[in-house]
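Here's the structure we're looking at; comments come further down.
The values are calculated or read from the model by the stated rules, or taken from the named source; none is laboratory data. Remember, predicted model here, so these are calculated numbers, not experimental data. Cβ: placed from backbone, ideal geometry, glycine included. Neighbour counts: every protein chain shown. Ligands, DNA and RNA are stripped out before the accessible areas are found, and what is left, the full protein with its side chains, is counted by its heavy atoms. Shrake-Rupley method; radii C 1.70, N 1.55, O 1.52, S 1.80 Å.
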Amino acid sequence: MSELNQPLGGNVMPRTGGPGTMMRLPTQPTAEGLDACFVGIPMDIGTSNRPGTRLGPRQIRDESRMIRPYNMATRAAPFDSLQVADIGDVPINLYDLKKSVDIITEHYKGILSHDVVPLTLGGDHTLTWPVLRAIAAKHGPVALIHVDAHSDTNEEMFGETVAHGCPFRRAYEDGLLLNDKVFQIGLRGSGYAPEDFDWGREKGWTVIPAEECWHKSLAPLMEEIRAKIGDAPVYLSYDIDSLDPAFAPGTGTVEVGGLTTIQGLEIIRGCAGLNLVGCDLVEVSPPYDPAGNTAVIAANYLFEMLCALPGVKRG
């Protein structure tokens with residue numbers, strides 16, 4: 001392997017300068033030669049409430065500038081283990097959501113023509129369905145760890161079947177998921193009927209509402225999930241609104257009583273050892289994030305996802 005890319009260090013260039021890439025990494029136009037890549041999908045046309053997630057990838061990248069290359073907690077050294085770069089953004093059509101989902105799938109098929117794990121900066125949650133279409137085209141149906149305040153299994157929204165409340169129903173219908181290995185964590189809030197959360201249970205999914213997570217470590221839960229998933233390929237989809245709005249106000253559909261940032265870290269770190277084939281972090285809306293905290297959390301969670309990938313050395 002050629003020399004591994006490294007984030008630009010704060011003693012070389014002040015944190016307030018340098019390239020505007022994820023962790024100030026080198027950029028390249030394709031995923032050729034990479035083991036993992038960061039890619040943005042600047043989209044909010046699937047959003048039903050507060051907009052702004054089209055600005056999420058840029059803000060996450062900006063707030064990633066303080067992240068250093070070594071994980072002090074897990075002792076993971078991803079940049080000593082993997083070739084990583086930022087490959088920019090998917091050129092979606094901001095005037096046509098249905099065209100955009102097809103653009104995303106084709107773009108990710110191109111990314112996945114290389115032996116690489118994509119880490120996606122969202123963007124609204126609609127994007128996970130077209131990404132999963134490309135993931136399944138390469139790896140077959142996958143296990144899913146979905147962290148969210150909402151189940152995102154609506155049949156439709158305003159008569160449309162493509163929206164940020166529908167991606168996992170579409171993924172189920174397309175046969176993209178291993179239904180006995182689907183886990184939804186953090187669901188909460190009000191609904192229209194019990195079916196809002198029970199639909200997945202009826203399909204064999206495991207649904208862990210936020211109330212079952214309150215006041216406890218989620219490390220034991222992740223141990224159980226790892227045992228149930230085994231060596232199957234798995235996709236991690238993390239909606240920032242899974243967190244309580246006290247931590248992450250900068251999102252479109254906040255719900256009270258959410259997870260803590262510590263529990264979010266336990267979930268992501270608990271994915272280490274799984275066969276992760278892709279991850280995303282979605283629904284960061286900078287206009288509702290005045291202090292930048294939501295994007296800071298998102299950037300750090302994406303770094304933690306990188307640290308959890310197969311092949312990462314631990315000191």
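Quick check on my filter: what residues within segment 240-273 are open to solvent by less than 10 Å² (accessible area, probe 1.4 Å) and of a type in the set (A, V, I, L, M, F, W, C)? Across segment 240-273, the qualifying residues are ILE240, LEU243, ALA248, LEU259, ILE267, ILE268, CYS271.
Could you check segment 185-300 for helices (runs of 4 or more DSSP H) lying wholly inside it with 2 or more residues that are among the aromatic types (Phe, Trp, Tyr)? Step through it out loud before you land on a result.
Values: elements: 195-202, 219-229, 261-269.
Of the helices (runs of 4 or more DSSP H) lying wholly inside segment 185-300, those with at least 2 residues that are among the aromatic types (Phe, Trp, Tyr) span 195-202.
Please tell me if ALA298 is touching a Gly at 6+ places or on another chain (Cβ under 9 Å) and either more than 19 Å from HIS164 (Cβ to Cβ) or touching a residue at least 24 places away in the same chain (Cβ under 8 Å) (or both). Criteria met by ALA298. Scanning segment 176-188 for residues that are more than 23 Å from GLY140 (Cα to Cα) and either open to solvent by 50 Å² or more (accessible area, probe 1.4 Å) or basic (Lys, Arg) (or both) gives a single hit, ARG188.
Residues in segment 15-40 that are open to solvent by less than 50 Å² (accessible area, probe 1.4 Å), small (Gly, Ala, Ser) and outside any strand (DSSP E or B): GLY17, GLY18, ALA31.
For segment 164-183, residues that are out of contact with any Asp or Glu (no Cβ under 7 Å at 6 or more places or on another chain) and in contact (Cβ under 8 Å) with a residue 12 or more places away in the chain total 13.
Screening PRO220 on (1) within 30 Å of ASP115 (Cβ to Cβ); (2) more than 18 Å from the chain's Cα centre (by Cα) shows it passes everything except condition (1). The set of residues in segment 125-183 that are polar (S, T, N, Q) and part of a loop (DSSP other than H, G, I, E, B) comprises SER151, THR153, ASN154, THR161. Go over the candidates ASP89, ASP62, ASP115 one by one and state the one that is farther than 20 Å from ARG133 by Cβ, out of contact with any Phe, Trp or Tyr (no Cβ under 7 Å at 6 or more places or on another chain) and open to solvent by 30 Å² or more (accessible area, probe 1.4 Å). ASP62 is the lone residue from the list that is farther than 20 Å from ARG133 by Cβ, out of contact with any Phe, Trp or Tyr (no Cβ under 7 Å at 6 or more places or on another chain) and open to solvent by 30 Å² or more (accessible area, probe 1.4 Å).
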